[in-house]
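A.B. asks: One structure, as structure tokens, below. Some questions next.
The values are calculated or read from the model by the stated rules, or taken from the named source; none is laboratory data. This structure is a prediction, so every number in the text was calculated from the model and none was measured. In this analysis, Cβ positions are derived from the backbone assuming ideal geometry, glycine residues included, and neighbour counts consider all displayed protein chains. Note: accessible area is taken over every heavy atom of the protein model, side chains too, but ligands, DNA and RNA are not part of it. Shrake-Rupley method; radii C 1.70, N 1.55, O 1.52, S 1.80 Å.
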Amino acid sequence: MIGQLVLQKCTYMSANTLEWNDYRVVLAIHRAGGLAPAARSLGVNHATVFRQVNAMETRLGARLFDRHRSGYGLTAVGEVALAAAEAMEVQALAAERRMAGGDLNLTGTIRVTAPDDMVQRLLLPMFAAFRERYAKIELEVIVDNRFLNLSRREADIALRPTAAAPEAMTGINIGPLGMTLYGAAPLVALVAAGQAIGSLPWVGWEDGAETLRFGGFYRNRGLQPIFAYRSNSLLAQVSAAEAGIGVALLPCFVGDSSSALQRLEPVDPLFSTNLWILTHPDLKRAARIKAFIDFMSTALRKKRRLLAGA
């Protein structure tokens, strides 16, 4: 009888608790705002997430989410679950980083993130050379113009234009990354004939996506560009400029390497930045991470004049 009572009590307690996978679902739905995008981020289908939410709420006897037309919003109980999930995630990711950082083998996968123009116009030959030397290391390249969260292991290493290493990151400053205005030959000819740069068609970032540096570049020159083409991809902007759609503010390693583009003015150091190779401090001692950073820093430093627009 006592054994039966104890068994019933244990079953009752476990039926009212959430597991780590449940908390991951809460995190995913909160961050994505709905079931479908959360399911994509978790690598499962929509129905699986729907069933898991219903099962969690049944076990708890309380709703975790309010369902709205615009998506899923957390209830008061859901807020408690989210706080616990975030705390658990921090601990789990810290443990993962420390374990990965202790790996002394030159094998495994490195998740590298970099902007699209940098990957296509600068880094690919270096990646190929790295793979020739370290055949047992797989490169997983995440082409993204956003800063991914290295603390969450969204990537292991980031190659990014930034003035300084972000807080809680460590890395190597390769050196200056110059930028200036470029255009195709017909547009350059118009400027040479006396037409004002500001009156030409422009290529730039989609509305609201440009950085403060880009905005400052325009304001410093008193320019109010008339955009003929906007994109959320710098690589797409490069292609548009090469096609003659408009003039564009581009990194010198792209513009100077393109046979279709010419400079319209010298590099302004005020609007240049630095190129960094970044990782999380917990990962920097891992053999494959150290090998990649050492290899890439050596390769990129050979390109410093091109990067600076010298």
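A.B. asks: Which of the following residues is in contact (Cβ under 8 Å) with a residue 12 or more places away in the chain, out of contact with any helix residue (DSSP H, G or I) (no Cβ under 9 Å at 6 or more places or on another chain) and not polar (S, T, N, Q): Ala243, Ala260, Ala228, Ala248?
C.D. replies: None of the other options fit; the residue is Ala243.
A.B. asks: Would you mind stating whether Glu19 is under 21 Å from Glu154 (Cβ atoms), at pLDDT below 85 and open to solvent by 50 Å² or more (accessible area, probe 1.4 Å)?
C.D. replies: Answer is no for this residue.
A.B. asks: Same structure, new question: Among the residues of region 297-307, is any touching a residue at least 60 places away in the same chain (Cβ under 8 Å), part of a loop (DSSP other than H, G, I, E, B) and open to solvent by less than 30 Å² (accessible area, probe 1.4 Å)?
C.D. replies: Keep residues of region 297-307 that are touching a residue at least 60 places away in the same chain (Cβ under 8 Å), which gives 297, 299-301, 303-304, 307.
If we keep only those that are part of a loop (DSSP other than H, G, I, E, B) as well, we get 303.
Now drop any that are not open to solvent by less than 30 Å² (accessible area, probe 1.4 Å), which leaves none.
Scanning region 297-307 turns up no residue that is touching a residue at least 60 places away in the same chain (Cβ under 8 Å), part of a loop (DSSP other than H, G, I, E, B) and open to solvent by less than 30 Å² (accessible area, probe 1.4 Å).
A.B. asks: Out of (1) in contact (Cβ under 8 Å) with a residue 60 or more places away in the chain; (2) open to solvent by 60 Å² or more (accessible area, probe 1.4 Å), the odd one out for Arg51 is which?
C.D. replies: (1)
A.B. asks: Which residue is surrounded by the most Cβ atoms within 10 Å (Cβ to Cβ), if the candidates are limited to region 161-178 and must be at pLDDT 90 or above and among the hydrophobic types (A, V, I, L, M, F, W, C)?
C.D. replies: Leu177
A.B. asks: Residue by residue through region 278-296, note down the ones that are more than 11 Å from Asp156 (Cβ to Cβ) and in contact (Cβ under 8 Å) with a residue 40 or more places away in the chain. Please lay out each step first, then the result.
C.D. replies: So in region 278-296, the residues more than 11 Å from Asp156 (Cβ to Cβ) come out as 281, 285, 287, 290-291, 294-296.
Residues satisfying the conditions are Pro281, Arg285, Ala287, Ala291, Phe295, Met296.
A.B. asks: Which ones in region 59-94 are of a type in the set (Ser, Thr, Tyr) and modelled with pLDDT under 85?
C.D. replies: Hits for region 59-94 are Ser70, Tyr72.
A.B. asks: Now for a separate question. I want to confirm something. Restricting to region 274-294 and keeping residues that are in contact with a Lys or Arg (Cβ under 7 Å, 6 or more places away or on another chain) and not aliphatic (A, V, I, L, M), which single residue is least open to solvent (accessible area, probe 1.4 Å)? Step through it out loud before you land on a result.
C.D. replies: If we filter region 274-294 for residues that are in contact with a Lys or Arg (Cβ under 7 Å, 6 or more places away or on another chain), which is where we start, we get 276, 278, 280, 282-284, 290.
Filter once more, so that each one left must be not aliphatic (A, V, I, L, M): 276, 280, 282, 284, 290.
Values: Trp276: 37, His280: 18, Asp282: 50, Lys284: 88, Lys290: 109 Å².
So the residue we want is His280.
Yes/no per residue for (1) in contact with a Leu (Cβ under 8 Å, 6 or more places away or on another chain); (2) modelled with pLDDT of 85 or more; (3) closer than 22 Å to Phe217 by Cβ; (4) not in a loop (DSSP other than H, G, I, E, B):
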| position | (1), (2), (3), (4) |
| --- | --- |
| Ala100 | yes, no, no, yes |
| Gln120 | yes, yes, no, yes |
| Glu132 | no, yes, no, yes |
| Glu138 | no, yes, no, yes |
| Ile142 | yes, yes, no, yes |
| Arg146 | no, no, yes, no |
| Arg153 | yes, no, no, no |
| Leu159 | yes, yes, no, yes |
